[in-house]
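In what follows, a single structure is set out as structure tokens and then discussed.
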Amino acid sequence: MEPPSATPRRRLIHWQGSLLTVSLLIFWSPSITAQPTIESVPFNAAEGNDVLLLLRNPPTDTLIYIWYKGESRDHNNKIASYLTGATQPNATGPAHSGRETIYPNGSLLFQNVTLEDTGIYTLQITKTNGDNEALAGQIRVHPELPKPFITSNSSNPVEDQDSVTLTCDPETQNTTYQWLINHQSLPDRARLELSTDNRILTIHNVTRNDKGPYECETWNPVNARRSDPFILNVLYGPDTPTISPSDWHYPPGANLTLSCNATSNPPAQYSWLINGNYLQSTQVLFIPNVTVSDGGNYTCHVHSNATGLSRTTVKTITVSDDGSEGAWNISAGAITGIVTAILVGMAVVTTLGCFLLTRTRGASGQSDLGHQQPLTSTPGHGQSDSSASPAPGMAPAVPIYEQLLKPDTNIYCQLHPKAEVAPQLPPGTAPYGLRRGATSDPKSWGKGRS
């Protein structure tokens with residue numbers, strides 16, 4: 001005997017099996033006829049095109065087809081009817097516009113549709129047995145979009161002062177709007193604001209970088225269009241001007257040319273002042289044959305009438321001779337080179353001086369050796385001055401240290417010209433008349449004779 005709890009389970013399995021059987025019979029049974037439906041071809045239609053409300057799977061026992069505009073099957077909404085088997089099967093109703101055609105299979109054709117054709121349409125099918133069946137179809141007509149264009153509420157906004165509103169025109173129903181800047185989608189910026197339908201773009205506190213170009217796109221299910229590029233003319237500047245060239249010193253007689261440049265839209269007006277006094281209104285200042293009096297502070301003043309802003313830059317110009325202040329107008333690299341050359345020269349001079357001083361001291365020491373035995377002055381005369389001229393017939397004196405450098409010179413004969421010069425002997429041989437071992441002192445030569 002089965003437990004009581006098994007009964008619901010068996011019933012559930014039996015019920016699921018029955019559903020599966022019914023489903024298979026519905027799907028596979030050829031005796032079950034598909035239900036009639038209405039399809040719009042195309043699903044979305046552009047204004048001016050043709051649209052067919054196609055009846056699929058029409059009944060085989062249809063007696064008459066009647067089309068109505070809207071959901072009400074009132075006689076005033078009747079468009080057309082088709083009576084099968086009749087000699088004149090087609091008939092029109094009060095809602096017929098002359099562009100509708102009904103076919104024997106119950107389909108209804110609309111030619112050259114307009115936006116007013118958009119809506120619901122009802123088909124009534126009357127069978128031979130008198131039964132009525134109603135089906136609904138829908139037509140979706142979209143306008144052929146015109147080429148959009150962009151308008152602005154401000155033709156010349158001022159940078160950081162004005163806000164600009166750009167509008168994509170014309171406004172059309174069931175249309176999507178999209179904005180592009182620099183041919184890309186709008187960036188996520190706090191200063192950019194879009195309306196609910198995206199047709200209006202507001203730019204708060206415009207800058208020179210907001211000039212664009214801007215483009216707006218419109219599209220619906222059947223077409224898409226894009227506007228021409230729109231460039232926003234943002235007024236800005238002038239920025240701080242720059243003066244060229246960078247030269248600041250000029251010699252007398254030179255030509256002075258100064259050029260002033262400042263970024264501005266529209267271009268700014270330029271004027272020059274020297275030491276605070278107006279000079280002339282020009283962008284490029286030219287002064288030929290400058291003099292010392294032309295030196296001073298040159299001010300470039302720029303002004304924009306469009307923005308009301310002004311900017312200035314000052315440059316000091318010096319006019320002097322080459323030998324004065326202008327002669328030192330050299331670069332830092334040149335100054336470094338000059339200082340280095342001076343230091344190297346001083347080092348070379350110092351080294352050479354020390355070398356010569358050492359040589360001189362050594363020579364002085366050798367000279368002192370030759371003067372250790374003083375010469376006797378002539379009686380009745382004082383010590384002769386080294387600067388005095390030598391006596392006639394006498395050879396000029398030669399420093400002793402120079403004679404010491406010549407080993408073949410007899411210094412004694414130099415000191416006593418009348419002394420008899422001994423012949424030169426080989427090294428180690430005593431002079432004639434001297435005993436071996438005797439001194440070579442000339443004062444003792446006489447004592448050594450036999």
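Pick from 221, 146: which is more than 36 Å from the chain's Cα centre (by Cα) and either more than 30 Å from residue 44 (Cα to Cα) or surrounded by 13 or more Cβ atoms within 10 Å (Cβ to Cβ) (or both)?
Going through 221, 146 in turn, the sole match is 221.
Which is surrounded by 12 or more Cβ atoms within 10 Å (Cβ to Cβ) and either under 20 Å from residue 206 (Cα atoms) or in contact with a helix residue (DSSP H, G or I) (Cβ under 7 Å, 6 or more places away or on another chain) (or both), of 304, 259?
Answer to the check: 304.
Using beta carbons and a limit of 6 Å, which pairs, at least six apart or on different chains, have the first residue in region 145-159 and on the phi < 0 side of the Ramachandran plot and the second one in a loop (DSSP other than H, G, I, E, B) and surrounded by fewer than 16 Cβ atoms within 10 Å (Cβ to Cβ)?
145/223; 156/233; 159/207
Going through 144, 159 one at a time, which residue ends up being touching a Gly at 6+ places or on another chain (Cβ under 9 Å) and at pLDDT 95 or above?
Only one candidate qualifies: 159.
Just give me the residues in region 42-92 being on the phi < 0 side of the Ramachandran plot, small (Gly, Ala, Ser) and touching a residue at least 24 places away in the same chain (Cβ under 8 Å), in sequence order.
Within region 42-92, 45, 46, 72, 80 qualify.
Do any strands (runs of 3 or more DSSP E) entirely within region 172-268 hold 2 or more residues that are polar (S, T, N, Q), and if so, which?
Correct list: 176-181, 242-244, 256-261.
Pairs needed: first member in region 298-317, assigned by TED's automatic domain parsing to the domain that holds residue 260; second member anywhere, polar (S, T, N, Q) and outside any strand (DSSP E or B); C-beta distance under 6 Å; at least 6 residues apart or different chains.
Every condition considered, the pairs that remain are 304/264; 311/240.
Kindly provide the set of residues from region 160-190 that are without any contact (Cβ under 8 Å) to a residue 24 or more places away in the chain and either more than 30 Å from residue 266 (Cβ to Cβ) or surrounded by fewer than 13 Cβ atoms within 10 Å (Cβ to Cβ) (or both), ordered by number.
Within region 160-190, 184, 185, 187, 188, 189, 190 meet the criteria.
Among the residues that make up region 2-22, is at least one of them under 23 Å from residue 138 (Cβ atoms) and either at pLDDT below 95 or under 60 Å from the mean Cα position of the chain (by Cα) (or both)?
Within region 2-22, not a single residue is under 23 Å from residue 138 (Cβ atoms) and either at pLDDT below 95 or under 60 Å from the mean Cα position of the chain (by Cα) (or both).
Condition test on residue 121, is it free of Cβ contacts under 8 Å to residues at least 60 places away in the same chain, closer than 23 Å to residue 56 by Cβ and either aromatic (Phe, Trp, Tyr) or in contact with a Lys or Arg (Cβ under 6 Å, 6 or more places away or on another chain) (or both)?
So residue 121 does not fit the description; no.
Look at residue 282 and say whether it is of a type in the set (S, T, N, Q), modelled with pLDDT of 95 or more, outside any strand (DSSP E or B) and over 30 Å from residue 167 (Cα atoms). Explain how you work it out, then say what you get.
Details: of a type in the set (S, T, N, Q): yes; modelled with pLDDT of 95 or more: yes; outside any strand (DSSP E or B): yes; over 30 Å from residue 167 (Cα atoms): yes.
Here the answer is yes, as residue 282 does meet what is asked.
If only one of 60, 84 is surrounded by 12 or more Cβ atoms within 10 Å (Cβ to Cβ), farther than 27 Å from residue 46 by Cα, of a type in the set (Val, Ile, Thr) and modelled with pLDDT under 95, which one is it? Even if it seems obvious, please write down each step before you answer.
On the way: 60 fails: surrounded by 12 or more Cβ atoms within 10 Å (Cβ to Cβ).
Sole residue among the options that is surrounded by 12 or more Cβ atoms within 10 Å (Cβ to Cβ), farther than 27 Å from residue 46 by Cα, of a type in the set (Val, Ile, Thr) and modelled with pLDDT under 95: 84.
For residue 320, indicate whether it is modelled with pLDDT under 95 and either more than 30 Å from residue 153 (Cα to Cα) or touching a helix residue (DSSP H, G or I) at 6+ places or on another chain (Cβ under 9 Å) (or both).
Against the criterion (modelled with pLDDT under 95 and either more than 30 Å from residue 153 (Cα to Cα) or touching a helix residue (DSSP H, G or I) at 6+ places or on another chain (Cβ under 9 Å) (or both)), residue 320 qualifies.
Take the conditions under 21 Å from residue 131 (Cβ atoms), out of contact with any Asp or Glu (no Cβ under 7 Å at 6 or more places or on another chain) and modelled with pLDDT of 95 or more and apply them to residue 40. Does it pass? Let's see the steps before the verdict.
Working: under 21 Å from residue 131 (Cβ atoms): no; out of contact with any Asp or Glu (no Cβ under 7 Å at 6 or more places or on another chain): yes; modelled with pLDDT of 95 or more: yes.
No: the conditions fail for residue 40.
I'd like the residue in region 87-133 that is under 60 Å from the mean Cα position of the chain (by Cα) and not hydrophobic (A, V, I, L, M, F, W, C) and, out of all such residues, is surrounded by the most Cβ atoms within 10 Å (Cβ to Cβ). Write out each step before concluding.
Taking region 87-133 first, the residues under 60 Å from the mean Cα position of the chain (by Cα) are 110-120.
Imposing the further condition that a residue be not hydrophobic (A, V, I, L, M, F, W, C) reduces the set to 111-112, 114, 116-119.
On the way: 111: 14, 112: 12, 114: 13, 116: 8, 117: 19, 118: 17, 119: 12.
Among them, the one singled out is 117.
The values are calculated or read from the model by the stated rules, or taken from the named source; none is laboratory data. Here the structure is a predicted model, which is why all the values come from computation and not from measurement. No Cβ is skipped: glycine too gets one built from the backbone with ideal geometry, and neighbour counts run over all protein chains shown.
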